[in-house]
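Worksheet for the structure shown next.
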Amino acid sequence: MVLTTQELIQSLRNEIRILVHLCGKAAPEMLDYRPTPAQRSLIELVRYLTIMGPVLVPSVKAGSFLVDQWNAAETASKSLDFDAAVKSLASQAEFYASALSAFTVEEMRGEIELFGTKASRGQHLVSMVLCGHAAYRTQLFCYLKAAGRPELNTMNLWAGVDGAM
């Protein structure tokens, strides 16, 4: 395995840290920003992030997408205001530590098929959850820049800190 479980946990915790940092750059008037009518708004994106990992991890563990759990989480997320969504997102750091520690090495290496892709559970966790966080982090960064935060830079996006490049 390329990453140990602990390294995956640390990587996901870092993603959450950076996402929470970026959320701290959103002003109330930015929450309804969306690049086009068909795309999520900024608050919808953050709400989505509250459910993505917490449903995909148990789905990977189970070896099948937990549709009912996804639908329930999606419905619940729609009632979150921005502060509650950010708090929920921040709680994922501990969720990942607990949930991923419950995987055995054999489970991580075990092959499953999700969304038409056969891969090990570990590969699914990296490609869907870890990479998903990095992708949506970049989307959130772009939303913030377009909605009125031109001072944000590479340090905010990749290091999760304010600072000059």
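The values are calculated or read from the model by the stated rules, or taken from the named source; none is laboratory data. Just so it is clear, the structure is predicted and the values come from calculations on it, not from any experiment. Positions of Cβ are generated from backbone atoms using ideal geometry, with glycine treated the same way; all protein chains shown enter the neighbour counts.
Looking at the structure I just gave you, is S101 touching an Asp or Glu at 6+ places or on another chain (Cβ under 9 Å) and farther than 30 Å from P35 by Cβ? Before you say what the answer is, go through the steps one by one.
Details: touching an Asp or Glu at 6+ places or on another chain (Cβ under 9 Å): no; farther than 30 Å from P35 by Cβ: yes.
Judged against the criteria, S101 is not a match.
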| message | Exactly one of these conditions fails for K118: (1) over 20 Å from I51 (Cα atoms); (2) out of contact with any strand residue (DSSP E or B) (no Cβ under 9 Å at 6 or more places or on another chain); (3) free of Cβ contacts under 8 Å to residues at least 40 places away in the same chain. Give me its number. | response | (2)
| message | Of all residues being among the basic types (K, R) and surrounded by fewer than 20 Cβ atoms within 10 Å (Cβ to Cβ) in the range 106-136, which is farthest from G63 (Cα to Cα)? Just the residue, please. | response | R109
| task | Looking only at the range 72-83, decide whether some residue is under 21 Å from P35 (Cβ atoms), part of a helix (DSSP H, G or I) and touching a helix residue (DSSP H, G or I) at 6+ places or on another chain (Cβ under 6 Å). | result | yes
| query | Inside the range 1-12, can you point out the residues that are within 18 Å of the chain's Cα centre (by Cα) and over 15 Å from A135 (Cα atoms)? | reply | T5, Q6, E7, L8, I9, Q10
| task | Report yes if P37 is farther than 21 Å from N14 by Cβ and either modelled with pLDDT under 95 or touching a helix residue (DSSP H, G or I) at 6+ places or on another chain (Cβ under 8 Å) (or both), otherwise no. | result | no
| remark: Checked pairs for the range 64-81, first surrounded by 12 or more Cβ atoms within 10 Å (Cβ to Cβ), second of a type in the set (S, T, N, Q), C-beta under 7 Å and 6 or more apart or across chains, list as F65/S59; L66/S59; S77/T50; L80/T50; L80/S88
| remark: Checked against (1) of a type in the set (A, V, I, L, M, F, W, C); (2) out of contact with any Ser or Thr (no Cβ under 8 Å at 6 or more places or on another chain); (3) at pLDDT 95 or above, I112 satisfies every condition except (2)
